[in-house]
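What follows is one structure encoded as structure tokens, with my remarks underneath.
What follows draws every value from the coordinates through simple rules; no lab data is involved. Small disclaimer: the values here were computed from a predicted structure and weren't measured. Note: ideal-geometry Cβ built from the backbone for every residue, glycine included; neighbour counts use all protein chains shown.
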Amino acid sequence: MRLLIVTGTLAESIVRNVISRISKKYGDEVHIEVLVLDVPVAALITTQKLLAELKSKKDYIKNFDIVIVPGLMRGDLAHVAKYLDKPIYKGTKYVGDLELVIEALLKGEKLSTQIPADELLNIKSSINIKKVNEIIETGVKEAFKVGSLSIPIRGPPIRIFAEISLGSIGDVQEFLKYAKKLSDQGADLIVIGTEVNSLDINRLHSLIKELRRNIPKPLGIDSINIDEIKVAIDEGIDLVMNLSRESLNTFKDYASDVAFVLTPEVSRDHKAEDKLREITKMLNEAIDLGYRKLMIDPIIPPPLFGLVEGLLALRYVSTSIKNYPFLLSIANVVELIDADSHGVNALLTSIAMEVGASAILVTESSWKTRGSVYEVRKSLYMNYLAKLR
């Protein structure tokens, strides 16, 4: 079967990616080519525009058995098909479902010149959560592992690091119960967050042991206290947050085994370019000291305190430092904006997808952000599905 797929300019690369996947699956059974019209969006393609384009390529059209146009295109294609003496049908509304149309055609099912294929055939997307995750995980270029967790150099997939404040939950069993809940809701790694002046070595020691015993996920610590970090490392912690320039020498003996997150030491007034320079300098120093498992956190300030510059820095890191994964910590925004968390989480997760973040750090410190891990996990799934479709 020889098919010609018509699309607009904006969707061209997506269409070609989908067709490449379909061609690999069906081999010689199906031959597919793409015709790109000089129209940005499929919904703007008119039957007049289509006819004008196909008229000029009438000899080329003869090479195909069927022409498929976007399902969102308006109008009836019957007169176009009649003029060209060629079957021309509407495909699906979403290009990610194009394979389902191919399957229907190979089974001998008929399509329509008026109704989108997904409506006509009552096609429901066959991509479920498990399949979405499997596809997204395929072909990932791994930077390193944190415990058993693979960290991609660029997402997707995007890992969820869920931080729980040790100060807000005093009892080890209560902390354990909450950590298990977040793990069940989609956290890939649990971070123990300590307070600035805290130093409760015994509790930290027993907490890490209990978490190791009961939760099969990697563990991290977010602390500025050197003694706490050393205890956590001795207990086999997988990730250390907020590695500052001053502490590079302190932890260099653990540089090859433990993953560290680098954070720039810049003031509120510093611009994105300053952050990038500071991060680059820190990164080079850390590499020279033997650090291998490094992630970068450009630090996103709250709204009105440098949020835009933080997002710019995020973009700069993504494009300038290509061989190291980076983290988007959304806590400063979600916790410190007086708005419901689900919309803010959805937006920030989408930003993380656009810039290729490898992980998102999520907190649920205030009452209004409870459920954020679940919301981010759902948002990631929606973003993955949107990317595939």
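Normalising by the residue count of the stretch 237-309, find the relative contact order in percent from Cα pairs under 8 Å and 6+ residues apart. Reported as a whole number, the value is 36 percent.
Of all DSSP bridge pairs formed entirely within the chain, close to 10 percent run antiparallel.
For Ser112 and Asp274, the FRET efficiency from 1/(1 + (r/R0)^6), where r spans their Cβ atoms and R0 equals 45 Å, is about 0.20.
Toward the positive end of the charge dipole of the chain, with +1 on the Cβ of Lys and Arg and -1 on the Cβ of Asp and Glu, the farthest Cα among Ser247, Tyr291, Leu37 is that of Leu37. Note on the chain: dipole from Cβ charges, positive end direction compared against Leu100, Ala232, Ser56; the farthest Cα belongs to Ser56.
Taking the Cα centre of the stretch 195-302 as origin and charging only Cβ (+1 Lys, Arg; -1 Asp, Glu), how large is the dipole, in debye to the nearest 20?
Working: 15 positive and 20 negative charges, 65 e Å.
Dipole of the stretch 195-302, to the nearest 20 debye: 320 debye.
Each Lys and Arg Cβ is given +1 and each Asp and Glu Cβ -1; about its Cα centre, the chain then shows a dipole of about 1580 debye. For a quick check, take a GNM of the chain with Cα springs below 10 Å and name the residue from Leu336, Leu262, Leu106 with the largest mean-square fluctuation. With Cα springs under 10 Å in the chain, the top fluctuation among Leu336, Leu262, Leu106 is at Leu106. Among Pro302, Pro40, Pro218, the largest mean-square fluctuation in a Gaussian network model of the chain, built with springs joining Cα atoms closer than 10 Å, belongs to Pro40. Counting 0.36 nm for each residue step from Ser247 to Ile153 and taking away their Cα separation leaves a gain of 31.4 nm.
Restriction of the chymotrypsin sites (Phe, Trp or Tyr not before Pro) in the stretch 41-94 to DSSP coil positions whose beta-carbon has at most 16 other beta-carbons within 10 angstrom yields no sites.
Take the alpha carbon gyration tensor of the stretch 310-389, find the square roots of its eigenvalues, order them as a ≥ b ≥ c, and report rounded if a/c is under 1.5; if not, report prolate when a/b exceeds b/c, else oblate. Walk me through the numbers before you get to the answer.
Details: a/c = 2.23, a/b = 1.37, b/c = 1.63.
Oblate shape, in that a/c is at least 1.5 and b/c is the bigger or equal ratio.
Each residue of the stretch 25-34 is assigned a 3J(HN,Hα), and the resulting list reads 6, 9, x, 6, 5, 9, 10, 10, 10, 10 Hz, derived from the Karplus form 6.51 cos²θ - 1.76 cosθ + 1.60 (θ = phi - 60°), x at Gly and Pro. Computed from point charges on the beta carbon alone (+1 for Lys and Arg, -1 for Asp and Glu), the dipole magnitude for the stretch 275-384 about its Cα centre is near 320 Debye. Of the GluC sites (Glu not before Pro) found in the stretch 89-121, the ones in coil according to DSSP and having at most 15 other Cβ atoms within 10 Å of their Cβ are Glu109.
3J(HN,Hα) couplings calculated from phi for the stretch 181-192 with the Karplus curve 6.51 cos²θ - 1.76 cosθ + 1.60 (θ = phi - 60°) are, in sequence order, 4, 5, 4, 5, 7, x, 5, 8, 8, 9, 9, 8 Hz; Gly and Pro show x.
One entry in (1) 20.1, 71; (2) 25.7, 82; (3) 53.4, 203 is Rg and Dmax of the Cα atoms in Å calculated from the shown coordinates; its label is (2). Relative contact order of the chain: 13 percent, from C-alpha pairs under 8 Å at least 6 residues apart in sequence. Projecting the Cα atoms of Tyr178, Thr280, Gly27 onto the dipole axis of the chain, where Lys and Arg carry +1 and Asp and Glu carry -1 at the beta carbon, places Gly27 farthest toward the positive end.
Loop-only check: which trypsin sites (Lys or Arg not before Pro) in the stretch 84-124 are DSSP coil with at most 15 other Cβ within 10 angstrom?
Numbers: sites: Lys90, Lys93, Lys107, Lys110, Lys124; in loops: Lys93, Lys107, Lys110, Lys124.
Answer in residue order: Lys107, Lys110, Lys124.
GNM on the chain, alpha-carbon springs under 10 angstrom: the most fluctuating residue among Asp234, Asp28, Asp188 is Asp28.
Residue by residue, the stretch 240-251 carries 3J(HN,Hα) couplings of 10, 7, 6, 6, 8, 4, 5, 9, 4, 5, 4, 10 Hz when phi is fed to the Karplus relation 6.51 cos²θ - 1.76 cosθ + 1.60 (θ = phi - 60°); x denotes Gly or Pro.
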